[in-house]
Each structure stands twice: as C-alpha cells, then as structure tokens.
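Step one of this worksheet: look at the structure below.
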Amino acid sequence: MSVGKRLAEVRREAERCRACPLWKGATQTVFGEGPDDARLMLVGEQPGDREDIAGHPFVGPAGRILDEALEISGIDRSTVYLTNGVEHFKYRMRGKRRIHQRPSAGEATACRRWLEAEVAIVEPEVIVALGATAAYSLLGHATPIGPNRGRLLDSELFGAPVLVTTHPSSVLREREREARQEALRALAADLSRASA
Ligand code: URA
C-alpha cells in the first residue's frame, strides 16, 4: 500500500476515535496535514476553536503566528507536515464561548497512537514540539521548555530527534509589541534550526 493510502486509512480510523472522552464535545477529529514525505513535522498541542470547526490544524490565531514564524525562517508551510499531540478540541463553556483547556496527560497518552502512526508513515527527519503539551506527547515525560528550547532531544517513543520550542500562542500572550517581536523571532530561529 502506498504511503498516501496508509495515511488516508489512518485518518479515517482517527475520525472514529473514542479512546478518551474528548470526541464527545468536539466537532470532529483534526488529523495532521502536509506532504506524506515531509522532512519536517511540527506538532502542536490540540486543535483550537477554529481548527475544530474547519477540520484543519493551525488555521486560527496561533496558525497565523506560526505562518509568520515559518515565513521569517524561510520555510514553506506546504513542505511541512503539521499535526497535534491531541486531535480533538478540549474546552469549557464560558457563556457562549468555548474556552481552550489544556489536555490531561491521560488524554495525550490516549491520542499518542495517531501521532505514532503519522510519524511511522511520514518518517520525518526532525519533529518540532510546539510547547510543553506537544513535548509531553513526543517525549513521554514532562519537559520544561525554558532549559530545553532549541535543543534536539532523543525520544524513546519516536524514531526521530525532537526539537522543543514554544507554542505560537505564547507569542500572542506577550503584551508589549517588542516582546511579541522577540518571541516571534526566537520561534522562527528554532524552526530554522530544526529545518537545517
Ligand atoms: N494550537 C495548536 O496547538 N494546534 C492547532 O492546530 C491550533 C492551535
């Protein structure tokens, strides 16, 4: 079976995933996207509100920051495989708004089978963990971003080296323009390093 067909088959299986309760509140599974022979795989935490509705990873505000960082680092988004450690949106309601909630370790572990399948099929040379939850999905243990960012770490769970960096939404959380620009530059520098 071709790589593309294997990926499509896993995607169909993931659409029916009931391995943790998150499917109940989500619109759909947001499976990874990108070339099935990508050298670089970027892994986020989980789809957000926009991604849950659209069914595609990184199409909301965090996705726009990621696009900016990719552009600064000279990486064409269409050459990268983008996915998440958890593929259903976790949230709580505040009035009519769905507020993002960080997935638990149990939810990340339950969802790891899809990430494992994506990595096994795409066989990226380097995987980037965007933020601490993605790092947990990829490394299997809590990994603080501060002391580890920009480093290539060995994963006992995945065959490829993992570079840990911040999540694009951390750029959005910076209040000052200068700090935002600096956080964006630092994220872009980590992506450049991973792609090199
Ligand atoms: N944040 C993530 O971690 N992943 C997405 O797909 C969107 C926002």
Item to complete: All but one of (1) of a type outside the set (Lys, Arg); (2) over 21 Å from Gly48 (Cα atoms); (3) within 14 Å of the ligand (Cβ to nearest atom) hold for Val162, so report the exception by its number.
Response: (3)
Response to the item:
Output for Cβ contacts, cut-off 9 Å, separation at least six or different chains, first residue part of a loop (DSSP other than H, G, I, E, B) in segment 101-116, second modelled with pLDDT of 95 or more and among the β-branched types (Val, Ile, Thr), reads Arg102/Thr133; Pro103/Val86; Pro103/Thr133
Item to complete: Report, by residue number, each residue of segment 98-135 that is more than 16 Å from the ligand (Cβ to nearest atom) and basic (Lys, Arg).
Response: Arg113
Worksheet, complete the sentence: Checked segment 55-82 for anything among the β-branched types (Val, Ile, Thr), more than 8 Å from the ligand (Cβ to nearest atom) and closer than 20 Å to Glu118 by Cα; matches are Thr79, Val80
Worksheet item: Yes or no: Leu138 more than 16 Å from the ligand (Cβ to nearest atom) and either out of contact with any Phe, Trp or Tyr (no Cβ under 7 Å at 6 or more places or on another chain) or of a type outside the set (Lys, Arg) (or both)?
Response: no
Discussion item. I'd like to check which strands (runs of 3 or more DSSP E) are fully inside segment 1-95 and have at least 2 residues that are without any contact (Cβ under 8 Å) to a residue 60 or more places away in the chain.
Written reply: 81-84, 91-94
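The values are calculated or read from the model by the stated rules, or taken from the named source; none is laboratory data. Keep in mind that what you see is a predicted model, and the values were worked out from it rather than measured. In this analysis, Cβ positions are derived from the backbone assuming ideal geometry, glycine residues included, and neighbour counts consider all displayed protein chains.
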